[in-house]
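What follows draws every value from the coordinates through simple rules; no lab data is involved. As the structure is a prediction and not an experimental result, all values here were calculated from the model. So basically every Cβ, Gly included, is an ideal-geometry build from the backbone, and we count neighbours across all protein chains shown.
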Amino acid sequence: MQATSNFGVQETHGILDRFQAEFRGSSEGLGWSSAYASVQRERPFDGHFHALSDNLMVLHRGGPVDITYVMEGKSVARHIPRGGVFFLPAGHACNVVLHEALESTHIYLRSDLFGGRDGAPSPIGGLAPMLGDQDAVLEHLAAAIGDTITGGLPASSLFVDPIAQAIANRFVAINFHKPSVEAGKHPNLLSVKQMARIREFVDANLDTDIRLDQLAELCGRSTEYFVRLFKASMREP
């Protein structure tokens with residue numbers, strides 16, 4: 001079931017204020033409930049995108065640009081062409097270093113859009129981030145969202161929901177309609193490296209009060225999502 005309340009800027013990472021991006025337009029005040037979008041020219045920055053309960057997609061409307069991502073302690077440098085897509089699923093955190101100015105469209109998608117159908121479990125926990133990959137379908141759908149904003153199309157709340165749903169469906173298809181690149185990988189569990197990082201942190205801080213949010217940040221996850229992953233991991237043989 002899709003959300004009915006308007007999706008506002010206060011529910012996003014606040015890129016326009018935090019990184020002094022040059023504002024082109026946004027969906028604020030347009031009555032959109034399933035997505036929030038903004039079009040901007042981003043200046044070079046080094047910033048942290050904390051874990052949210054919703055999902056972020058970024059379409060590179062310009063390029064190529066060099067970007068460095070840091071997720072779960074791993075640094076990845078990418079040279080991303082025009083049309084590249086960054087995707088940060090719900091519950092994931094990421095540090096981003098943008099080395100050049102970039103024209104972009106940011107689209108936040110309600111997690112309800114990724115819910116299972118006909119009683120099937122939601123796949124949201126298993127969605128993987130995308131770090132600048134290209135996908136023609138996502139590019140065209142995101143461009144339609146951006147054009148809706150910059151073109152000032154009337155009554156956009158009447159037709160944006162199906163576009164947002166199509167974007168969510170495409171991410172699900174990308175994640176679950178291709179073979180896993182790592183045999184035996186369980187996307188709904190903490191990785192071996194994450195569990196080792198937790199043990200090392202606990203061993204080093206036995207004389208202090210250890211909080212769940214500290215462990216969640218250590219793994220690049222929201223506290224709520226971390227608790228689910230940790231419980232599931234502890235049940236694994």
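Kindly provide the helix-only [θ] at 222 nm of the chain, computed as the sum of -39,500 (n - 2.57) over DSSP H runs of four or more divided by all residues, to the nearest 500 deg cm²/dmol? Dividing the helical sum by the residues of the chain leaves -9000 deg cm²/dmol. Of (1) 1.00; (2) 0.97; (3) 1.24, which one was derived for Rg/Rh (Cα atoms, Kirkwood Rh) from the structure shown? Matching the structure shown: (2). Applying 1/(1 + (r/R0)^6) with R0 = 45 Å to the Cβ-Cβ distance of A155 and D207 gives a FRET efficiency near 0.15. Among T12, T208, T223, T105, the order by Cβ neighbours within 10 angstrom, fewest to most, reads T208, T223, T12, T105. What you get for region 9-176, charging only the Cβ of Lys and Arg (+1) and of Asp and Glu (-1), is a dipole of about 140 debye around the Cα centre. I want to make sure I understand the PRE zone here: with the label point 7 angstrom from the Cα of E217 toward its beta carbon, which residues in region 33-58 have backbone N atoms less than 16 Å away? Within reach of a label on E217, which here means backbone N under 16 Å from a point 7 Å along Cα→Cβ, region 33-58 contributes 47-52. If the segment from F176 to S5 were pulled out straight at 0.36 nm per residue, it would be longer than the present Cα-Cα gap by 58.6 nm. Below 9 angstrom from the Cβ of Q194, what's the summed charge of the other residues (Lys, Arg +1; Asp, Glu -1)? Local charge sum for Q194: +2.
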